[in-house]
Amino acid sequence: MNHYKSWSGLNKQLSNFLCEALKDKITYFLTRYHDVHNAYGRAAVLIDKTELVDFSWIEGYEQEFAISRLHDNGIPWEERKEKLKTEWDKNCTYNEMDFLSAATAFLQMPISDALNSDNYIIRIFAILDKRVGKSTLQAIKSESSYKTLPEWVKQFYELRFSVSNC
């Protein structure tokens, strides 16, 4: 994960990339419980103060449990993680550190790479981005491959398509 100085600074950067019609509607949320063992945390993407998706320490435990189950079968760590990625993508089994990692990576990459990223959190940041113009949006919508994405990701594409002045 790339380093960031503060959540408020990172949040401001992410919010500045939102398309104009969503600037006052979409907010990003992150909290860390520093006094708790392992500094558990939680992140979310909200629209009009209603959560669309959240990423918490509970999903982090689910990830570790799933990885350790495969470990019992003697499968190497990297192979275990890759094997589970499809399931995690489908069920949004991601924690706040995955959210932070995606946020910092997104800010360092070209928008075209972000739109095609294997990381669905990065793709969410990208589809909401003001740098994605009307012709690119129309091409994505016409291609319809976004319809095969998990519901928790697809809702962001549909949200972006629904705002007419972005």
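Bear in mind these aren't lab numbers, they're just calculated from the coordinates by the rules spelled out. Bear in mind the structure is a predicted one, so any value in this text is a computation, not a measurement.
Specify whether the C-alpha gyration tensor of region 104-153 places it in the rounded, prolate or oblate class, a ≥ b ≥ c being the square roots of the eigenvalues: rounded for a/c under 1.5, otherwise prolate if a/b is larger than b/c and oblate if not. Oblate.
Which entries of 49/85; 83/130; 130/154; 12/134; 5/83 show an alpha-carbon separation above 22 angstrom in the structure shown? Could you put the intermediate results ahead of the total?
Working: 49/85 29 Å; 83/130 34 Å; 130/154 18 Å; 12/134 24 Å; 5/83 33 Å.
The answer is 49/85; 83/130; 12/134; 5/83.
Length gained on full extension, residue 75 to residue 104, computed as 0.36 nm times the residue gap minus the Cα-Cα distance: 7.4 nm.
Quick check: residue separation of residue 3 and residue 25 times 0.36 nm, minus the Cα distance between them. What number comes out in nm? Show your work: numbers first, answer last.
On the way: separation 22, 0.36 × 22 = 7.92 nm, distance 2.72 nm.
My answer for the length gained is 5.2 nm.
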